[in-house]
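Asker: Submitted below is the structure of interest, expressed as structure tokens.
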Amino acid sequence: MEMPERMNNKQPHRVINAVAPIRICDLGGWTDTWFAGHGTLLNVGVYPYVEVQIEVWPADGVTERVVIFAENFGDRYAPSLGNRVWIRHPLLEAALELMAVPDDLAVQVTIYSEAPPGASTGTSASVAVALIGALDRLTPGRLTPHEVAYRAHSVEVDLLGRQSGIQDQLCAAYGGINFVEMFAYPRATVSQLRLPDSTWWELERRLLLVFLGRSHDSSQVHEHVIRQLEGAGPDCQQLEDLRSTAVPARDALYAADWAGLGRAMIANTQAQERLDMALVGQYAHRVINIGREYGALGWKVNGAGGEGGSVTLLCDTRSYAKRALIRAIQEDNPLSRCLPIYLSRYGLRIWEGSRPPGLLPID
């Protein structure tokens, strides 16, 4: 689809940028859900970020006021808003519906992510957080990061009717390393871990994110698990086992106890597997086995688990062993990718690019 003529020929009056990190190593996952009721979690926000950019023009003479450019898919189009029928990219369209672009403005919204789709790293939550944060700049008033996270969660749960916990949206909004206590779904408090630089750098050096080469797609398995947990109640042993991994991981990080952190990661992955064997798939097991062979201290199947997706490994002290591990993983499965990651000290960030000379901001 071609851009409207005004948008092709004129510089935008405003350019709003927003980025949000993705999430890895989510300890206590599944306990941030409606059927768990309450939860205790720890997760880590990392680069590569999700990026959103909104170009803004006056709406005068523009037929299609809102254009979505889903850059990863090469898909540019004007969504049909106002009827709550979202087809091509429902998450993007529902977020735009919720935030309501002012009638006097025309926008192109570009979304881009370097994280592979279906990697079980909370990318859809990061997209929603970055998009809502950017759209918030078009209207008077400002949402806090916490409020942005809850609006993003509402898009998935209330508008799209999806199963979604709250931790991914909170990680995208806050960034860093988060200890999350959900006291009554979906209400939660977030405590960010403040670590010495040396601990931060060492954790960053030891972590390895392995995309298994297949998009995460296990909705049937997840529905089966949810039915089981819903029937068992919020304080069942399966959920308690998952909740119990976050505090030891937090304490291990404060103490720079890498073996302790690794044990918490392994305990969480084993607890996932007790929910359903299919939550730790064959390709994840292959990565875990190679990691064990090369001295990895811990492993966590990211997200809810299932076939495909990704695994976080915690490597030992030797950098050359980590590089050898990466080679072994990629030789075992050429479709797998060890994704470069950096810990994100910040969560949602929003700013405006420079305006062309002589143009005033649109209020």
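Asker: Using +1 at the Cβ of each Lys and Arg and -1 at the Cβ of each Asp and Glu in the stretch 5-352, identify which of Y254, I16, L275 lies farthest towards the dipole's positive end.
Answerer: Ranked along the dipole, the leading option is Y254.
Asker: Apply the Kirkwood formula to the stretch 222-330: the hydrodynamic radius equals the inverse of the mean of 1/r over all pairs of different alpha-carbon atoms; give it in Å with one decimal.
Answerer: 14.7 Å
Asker: Please list the helices of the chain that count as membrane-span-like by this rule: a mean Kyte-Doolittle hydropathy of at least -0.5 together with Cα atoms stretching 24 Å or more along the helix axis, each helix being a complete DSSP H run.
Answerer: Helices meeting the criterion: 258-275.
Asker: Report the relative contact order of the stretch 229-298, percent, no decimals, based on alpha-carbon pairs under 8 angstrom and at least 6 residues apart.
Answerer: 31 percent
Asker: In the chain, how does Rg compare with the Kirkwood Rh, expressed as the Rg/Rh ratio over alpha carbon atoms?
Answerer: 0.99
Asker: In nanometres, what is the gap between the two model label sites at N72 and E240, each 7 Å from Cα along Cα-to-Cβ?
Answerer: If labels sit at N72 and E240, their model points lie 3.9 nm apart.
Asker: Over all distinct Cα pairs, what is the inverse of the mean 1/r for the stretch 192-282, reported as the Kirkwood hydrodynamic radius in Å?
Answerer: Averaging 1/r across every pair of different Cα atoms and inverting gives 15.2 Å.
Asker: Given an 8 Å cut-off on Cα distances and at least 6 residues of separation, report the relative contact order of the chain as a percent.
Answerer: RCO, the chain: 26 percent.
Asker: To continue, here is another question. When the Cα centres of the stretch 237-276 and the stretch 188-210 are compared, how far apart do they sit, in Å?
Answerer: 15 Å
Asker: Pulled fully out, how much extra length does the chain show between R323 and A259, if you take 0.36 nm times their separation in residues and subtract their Cα-Cα distance?
Answerer: Gain on extension, R323 to A259, equals 21.1 nm.
Asker: Order by neighbour count: R151, R187, R23, fewest other Cβ atoms within 10 Å first, most last.
Answerer: Ascending Cβ contact count within 10 Å gives the list R187, R151, R23.
Asker: Check each of the trypsin sites (Lys or Arg not before Pro) in the stretch 267-323 and keep only those in coil by DSSP with at most 13 other C-beta atoms within 10 angstrom; list them in order.
Answerer: Of the trypsin sites (Lys or Arg not before Pro), the ones in loops of the stretch 267-323 whose Cβ has at most 13 other Cβ atoms within 10 Å are R318.
Asker: Then there is this: Restricting to DSSP H runs of at least four residues, report the calculated mean residue ellipticity at 222 nm for the chain, -39500 (n - 2.57) per run over all residues, nearest 500 deg cm²/dmol.
Answerer: It lands at -11000 deg cm²/dmol.
Asker: Can you give me the C-alpha center-to-center distance between the stretch 334-351 and the stretch 37-103, rounded to a whole angstrom?
Answerer: One Cα centre to the other: 21 Å.
Asker: Can you compute the charge dipole magnitude of the stretch 5-352 about its Cα centre, using +1 on each Lys and Arg Cβ and -1 on each Asp and Glu Cβ, nothing else charged? Give it in debye, rounded to the nearest 20.
Answerer: It works out to roughly 700 debye.
Asker: For the stretch 1-155, what is the largest minus smallest coordinate of the Cα atoms on each principal axis, given in angstrom and ordered from greatest to least?
Answerer: Principal-axis extents of the Cα atoms in the stretch 1-155, largest first: 52, 29, 27 Å.
Asker: Toward the positive end of the charge dipole of the stretch 5-352, about the Cα centre and with charges on Cβ (Lys, Arg +1; Asp, Glu -1), which of G45, I326, G305 goes farthest?
Answerer: Positive-most Cα among the choices belongs to I326.
Just so you know, all these numbers are worked out from the coordinates, no wet-lab data involved. In this text, all values refer to a predicted model and were calculated from it rather than measured experimentally. Reconstructed Cβ throughout: ideal geometry from the backbone, glycine too, with neighbour counts over all protein chains shown.
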